[in-house]
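Accompanying notes for the structure given below.
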Amino acid sequence: MDTNEILDSMEKGAGKFATEASAAVDDLVPLFDVSAYPQEQRELILECNRRIDEANSKYRIAKFREDMFAKGMRAGMYFCTFDRDENMLSFEFNEETRQMLGYDGLEDLPNEFDSWVKTLVPEERDAIVKLFWDSVRIHRELPDITHATYRMQKKDGSIIWVTGAGRFIRRSDDGSLEIYMGCYRDITAQHELEEYLKIIEAIGKVFNFSMFIDVSDMSYRMISTNKYVEMVEKDPDAFKFLKNNVSASVAESFRADLYEWLDRDKILAAIEEHGTATMEFYSESAHHWFEGIFLIGDRNEDGSISHIVYGCMDTTEAKLQNLAQQKKISEFETEVYMDSLSKIRNRRFLDEKLVYQPCKAVVMADVDLFKEINDTAGHQCGDEVITRVAAILEQSVRKDDVVIRYGGDEFMMVFFDITREDLENKLSYLRSAVKGITIEDNPEVRITMSFGGAFGTELVNNLIGTADKALYESKKKRNTYTVIEM
């Protein structure tokens, strides 16, 4: 991998890596030119150079530390040295770094490279360590100063964001890396603020009207607003201000529910349990539907909610789309799940929508001697009998219950909430009601029905067989009903 590839991977990888050139430290004592001295003096000259180099190194370190502190990076420092082959010789933290990370002294966090590795967030550790060694490997191609922003893990397991400024200190004679030192600064609060501001900005884009509320005193800050809100009388209390909005713009039929909903303690309890609290209403001034939404803004250190966000979202378009979709579904179900003759649900509805629903009772019923009616009065009369019976059955059940043309002259009734006594009363009524049917063109035709009911809390599918058995018993006598309790 060449330098450009490494740089590209560093910039796109873990942390936010950047570099900048540093101010030169050029007031160092120069080394002696060994070649300018006789052979017998060169050993002494080399020793002089070693001591000058050592003094220069100490001076450079002092100057670089001073420069870093001058830039305000005082929260923590690291310091590592390298030999001329750029192998790490030592690594150390200053005490401010240990305090920042919650460690107590040198024994708690030793001066070792592995100590630094241990403070990195586990899932990011390998990438950050690679970033460190990649930057060391190509340091000659980089400016003196590096910057990186990443996460560190404190001794207690909590995570903080840090930004670091590192500095390469190279040997003057061969450019090899002598020292890599740098500073840390805890920017967790700043990072969280930036993330929070992004959330607030997003809220402002999503909601037509939104506010950030301090639950301790009900003060608030407007995030986004609209012309209808601006016309409302202001109040320092957020909930009173919201109620003013209700009075000024919401349709009267919604006001009582909204006034009751806008209660601080109720809202806090609701969003603590569910994450949000919502209510839909219609604005007379805007002629639009809206949904009011409360959600958690942030929490105190003890976990209690310190701020909540209120947002008002225009749901008119979604509501219209939903109504259009429901209309299409309704039209589809009318066509697919409705019996064309009797105008009640068909067998397909049972098989696809109903068979695995829990219920209280299933009733099977059919017209007594229906074949004789067809044979003597004709199929048109038979069709009218089916239509008239279906109408009586359909009109006798509640909105949530279902009547199905099971096939031919056989019908099914599904009851979702009924007692045994009410079921028997219902079947007794239906037996009498069917007997009262008269066919205008065939007044001689007399109609009776037999009913078989299965009573018990079960899936519809599990009650059909028992209801069939009960109908079989009723057919022995005709014009009666039988109920079998599960």
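The values are calculated or read from the model by the stated rules, or taken from the named source; none is laboratory data. All values reported here derive from a predicted model rather than from experimental measurement. Here the Cβ is made from the backbone with ideal geometry for all residues, glycine too, and neighbour counts use every protein chain on show.
Do you know which residues across region 128-154 are under 30 Å from the mean Cα position of the chain (by Cα) and loosely packed, with under 15 Cβ neighbours inside 10 Å?
Lys154, the sole residue that qualifies.
Which of the numbered conditions does Lys58 fail, given that it passes all the others? Conditions: (1) within 18 Å of Thr146 (Cβ to Cβ); (2) of a type outside the set (A, V, I, L, M); (3) modelled with pLDDT under 80.
That leaves (1) as the condition not met.
Quick one: in region 296-322, which of the residues that are small (Gly, Ala, Ser) and within 21 Å of Phe241 (Cα to Cα) is farthest from the chain's Cα centre (by Cα)?
Within region 296-322, the match that is farthest from the chain's Cα centre (by Cα) is Ser306.
Taking region 398-415 only, how many residues are closer than 14 Å to Lys353 by Cα and not in a strand (DSSP E or B)?
2
I'm trying to understand the selection: among the residues of region 271-287, which are surrounded by fewer than 16 Cβ atoms within 10 Å (Cβ to Cβ) and not small (Gly, Ala, Ser)?
Glu272, Glu273, His274, Thr276, Thr278, Met279, Glu280, Glu284, His287
Given the structure, is Glu112 without any contact (Cβ under 8 Å) to a residue 24 or more places away in the chain, surrounded by fewer than 18 Cβ atoms within 10 Å (Cβ to Cβ), in contact with a Leu (Cβ under 9 Å, 6 or more places away or on another chain) and closer than 19 Å to Tyr180 by Cα?
no
Tell me yes or no: at least one residue of region 464-478 is at pLDDT below 90 and either touching a helix residue (DSSP H, G or I) at 6+ places or on another chain (Cβ under 7 Å) or in the same structural domain as Val355 (by TED's automatic domain parsing) (or both).
no
With under 52 Å from the mean Cα position of the chain (by Cα) and either in a loop (DSSP other than H, G, I, E, B) or under 19 Å from Asp351 (Cα atoms) (or both) as the only criterion, which of Ile484, Ile418 stands out? Outline the logic, then answer.
Values: Ile484 fails: either in a loop (DSSP other than H, G, I, E, B) or under 19 Å from Asp351 (Cα atoms) (or both).
So the residue among Ile484, Ile418 that is under 52 Å from the mean Cα position of the chain (by Cα) and either in a loop (DSSP other than H, G, I, E, B) or under 19 Å from Asp351 (Cα atoms) (or both) is Ile418.
May I ask you to verify whether Ser428 is surrounded by fewer than 18 Cβ atoms within 10 Å (Cβ to Cβ) and outside any strand (DSSP E or B)?
So Ser428 passes the test.
Consider Thr448 carefully, then state whether it is closer than 19 Å to Arg405 by Cα, in contact (Cβ under 8 Å) with a residue 60 or more places away in the chain, among the hydroxyl-bearing types (Ser, Thr, Tyr) and surrounded by fewer than 17 Cβ atoms within 10 Å (Cβ to Cβ).
Yes; evaluated as a whole, the condition is true for this residue.
Does Lys469 satisfy the criteria of being farther than 24 Å from Val385 by Cβ and among the basic types (Lys, Arg)?
Working: farther than 24 Å from Val385 by Cβ: yes; among the basic types (Lys, Arg): yes.
Spelling it out, Lys469 is indeed farther than 24 Å from Val385 by Cβ and among the basic types (Lys, Arg).
Out of region 115-125, which residues are over 20 Å from Phe82 (Cα atoms) and either surrounded by 14 or more Cβ atoms within 10 Å (Cβ to Cβ) or touching a strand residue (DSSP E or B) at 6+ places or on another chain (Cβ under 9 Å) (or both)?
Of everything in region 115-125, those that are over 20 Å from Phe82 (Cα atoms) and either surrounded by 14 or more Cβ atoms within 10 Å (Cβ to Cβ) or touching a strand residue (DSSP E or B) at 6+ places or on another chain (Cβ under 9 Å) (or both) turn out to be Lys118, Thr119, Leu120, Val121, Pro122, Glu124, Arg125.
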